[in-house]
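First, the structure itself, so that you have it in front of you.
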Ligand code: 5GP
């Protein structure tokens, strides 16, 4: 997606060879026009065949793009919480998510009221690195007996294992920008394979 790639090129900051900072349009300040365009792109890709009934993301950075996607699809958005409410744990689906960037394991939770077995759920997240967050969301959908319709990612770091892990697990993964490398402070995108006839 050209608009997103342009934003990453001009405003993204490679903090290391592993971590990209994009807090001027995605992770702190949010660009509403970009969110709208990304919502349209996810809806156009996934809204074929299976009818999506809900979008599921994780707080907080997935919410903006999750919302524009849900708006475009005409379905509700649910976001998994990172902090568990102690009072109602029986009513929650819980999954453990290991963060390689923070080197810690966290639980994410979703109320059982908001996912039912007949749901077809599109998962959306801001980054794909090692696939832990997406697998945590998928586990919640599966605990509910519902179906994962696909996984939409804003920025995939293709040099990490996430895409391969999710694809091998059978999920349809669609990333709007795919980064090949962050070496020497430079963002290099993975270009689509050129097909010669
Ligand atoms: P994964 O679970 O795929 O290993 O990592 C994805 C999660 O970690 C995302 O939800 C995102 O919050 C965070 N994350 C991973 N890599 C980056 C990165 O390079 N930049 C930012 N801002 N967040 C990242």
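Hey, can you tell me all the residues within region 28-60 that are surrounded by fewer than 17 Cβ atoms within 10 Å (Cβ to Cβ) and within 16 Å of the ligand (Cβ to nearest atom)?
Within region 28-60, 28, 29, 30, 59, 60 meet the criteria.
Is at least one residue of region 54-62 under 17 Å from the mean Cα position of the chain (by Cα), over 19 Å from residue 138 (Cβ atoms) and touching a residue at least 24 places away in the same chain (Cβ under 8 Å)?
No, region 54-62 has no match at all.
Answer yes or no as to whether residue 3 is crowded, with 20+ Cβ neighbours inside 10 Å and either outside any helix (DSSP H, G or I) or more than 15 Å from the chain's Cα centre (by Cα) (or both).
no
Between residues in region 150-169 that are closer than 11 Å to residue 134 by Cβ and modelled with pLDDT of 95 or more and residues that are near the ligand (Cβ under 10 Å from one of its atoms) and assigned to a loop (DSSP other than H, G, I, E, B), which pairs lie under 6 Å by C-beta distance while being six or more apart or on different chains?
If the second residue must be near the ligand (Cβ under 10 Å from one of its atoms) and assigned to a loop (DSSP other than H, G, I, E, B), the pairs left are 162/129; 162/130; 162/131; 165/131; 166/131.
Tell me, which residue of region 124-156 that is away from the ligand (no atom under 11 Å from the Cβ) and not in a helix (DSSP H, G or I) is nearest to the chain's Cα centre (by Cα)?
Only one residue fits best here, namely 152.
Starting from residues that are under 17 Å from the mean Cα position of the chain (by Cα) and touching a residue at least 24 places away in the same chain (Cβ under 8 Å), keep the ones in region 6-30 and report whichever is farthest from residue 64 (Cα to Cα). Outline the logic, then answer.
Narrowing region 6-30 to residues under 17 Å from the mean Cα position of the chain (by Cα): 8, 19-23, 25-28, 30.
Then drop every residue that is not touching a residue at least 24 places away in the same chain (Cβ under 8 Å), which leaves 8, 19-20, 22, 26-27, 30.
Details: 8: 17, 19: 21, 20: 19, 22: 14, 26: 8, 27: 10, 30: 8 Å.
By that ranking, first place goes to 19.
Could you check region 167-183 and list, in sequence order, the residues that are more than 16 Å from residue 21 (Cα to Cα) and either within 9 Å of the ligand (Cβ to nearest atom) or touching a helix residue (DSSP H, G or I) at 6+ places or on another chain (Cβ under 6 Å) (or both)?
Answer for region 167-183, where residues must be more than 16 Å from residue 21 (Cα to Cα) and either within 9 Å of the ligand (Cβ to nearest atom) or touching a helix residue (DSSP H, G or I) at 6+ places or on another chain (Cβ under 6 Å) (or both): 173, 174, 176.
Something else about it: How many residues, within region 6-21, are within 13 Å of the ligand (Cβ to nearest atom), surrounded by fewer than 17 Cβ atoms within 10 Å (Cβ to Cβ) and part of a helix (DSSP H, G or I)?
Matching residues across region 6-21 total 1.
The values are calculated or read from the model by the stated rules, or taken from the named source; none is laboratory data. Keep in mind the model is a prediction, meaning the values are calculated, not measured. All Cβ positions, glycine included, derive from the backbone under ideal geometry; neighbour counts span all protein chains shown.
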